[in-house]
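One structure below.
Readers should treat all values here as calculations from the given coordinates under stated rules, not as data from a laboratory. A quick note: this is a predicted structure, and the numbers were derived from the prediction, not measured. Neighbour counts run over all protein chains shown; Cβ positions are idealised from the backbone, glycine included.
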Amino acid sequence: MFDSLFNVTLTDTTMSFTSSMITIIVAISLGALISVTYMKTNPNGYSQNFTLTMIVLPIIVAMIVLLIGNNIARAFSLAGAFSIIRFRSAPGDPKDIAYVLFTMAAGLACGVGAFGYAVLFTIVLCLLMYVLSRFNFAANKQMQKQLKITIPENLSFEEAFTEVFEKFGVEHVLKRIKTTELGSLYELVYMVTMKDSTDQKALLDAIRCRNGNLDLSLTMYPGTNPDF
């Protein structure tokens with residue numbers, strides 16, 4: 001009864017009610033596996049909404065494939081419907097984007113009925129991501145940050161902090177200079193690269209002794225270069 005009902009509803013597809021239920025169950029399972037892998041490989045924290053999305057996304061993709069089937073007209077209709085949807089979000093981490101593509105691929109494989117390949121690829125990629133995270137592959141041992149220093153106009157900025165940077169083993173590049181407070185102060189913007197073992201508090205204290213305890217800020221840019 002259910003098979004005949006859904007065969008009529010899903011005309012031009014090769015899916016029955018039973019196979020559709022199997023598709024949904026497999027998609028949920030793979031999405032849950034990917035979501036758990038993501039949580040295990042992000043010890044520094046993760047968004048609950050993102051982990052839930054990774055469970056739901058394979059089902060959505062599989063449903064879209066089921067609805068389209070071999071019907072070209074239906075494919076164009078769905079493309080037109082989805083074209084009016086606008087998703088607005090901040091640029092994500094490359095790793096998060098990779099997980100989104102991962103879940104979409106799993107859902108697509110389930111939708112076309114390639115359950116064996118879907119399970120195989122999901123298990124292999126989850127193991128790969130876990131191993132890479134476990135061994136901290138390609139971890140950068142140095143931290144690149146933006147350092148802003150305010151100095152009085154009577155302080156020569158060219159060599160003012162060279163000795164301090166050399167003392168703490170900090171690589172530095174002066175990126176920008178601008179005046180503030182009607183020209184009575186200068187703001188220096190450095191890109192600095194320091195090791196994990198660098199005592200940042202001691203570094204900032206040494207700089208404060210040179211700039212007269214004026215404004216000072218140190219901003220981290222993990223994995224990316226800031227725009228100046």
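So what is the relative contact order of segment 142-220, in percent, for Cα pairs below 8 Å that sit 6 or more residues apart? All intermediate terms of the calculation are to be shown ahead of the outcome.
On the way: 131 pairs, mean separation 38.3, N = 79.
48 percent.
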- [ ] Please report LEU125, LEU203, LEU182 as a ranked list, fewest other C-beta atoms within 10 angstrom at the top and most at the bottom.
- [x] LEU182, LEU125, LEU203
Task: Subset of LYS95/LYS175; LYS95/LYS148; LYS145/LYS178; LYS40/LYS167 violating a 27 Å alpha-carbon distance limit - done: LYS95/LYS175; LYS95/LYS148; LYS40/LYS167
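Work out how much length ALA114 to GLN48 would gain on full extension: take 0.36 nm times their residue separation and subtract the Cα-Cα distance, in nm to one decimal.
Numbers: separation 66, 0.36 × 66 = 23.76 nm, distance 2.92 nm.
Value of the extension gain: 20.8 nm.
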- [ ] Would you mind putting 96-105, 41-50, 22-31 in packing order, based on average other-beta-carbon counts within 10 Å, highest first?
- [x] 22-31, 96-105, 41-50
Open item on the list: So if each residue of separation counts as 0.36 nm, and I subtract the Cα-Cα distance between LEU101 and ASN136, what length gain in nm does that give?
Closed with: 10.4 nm
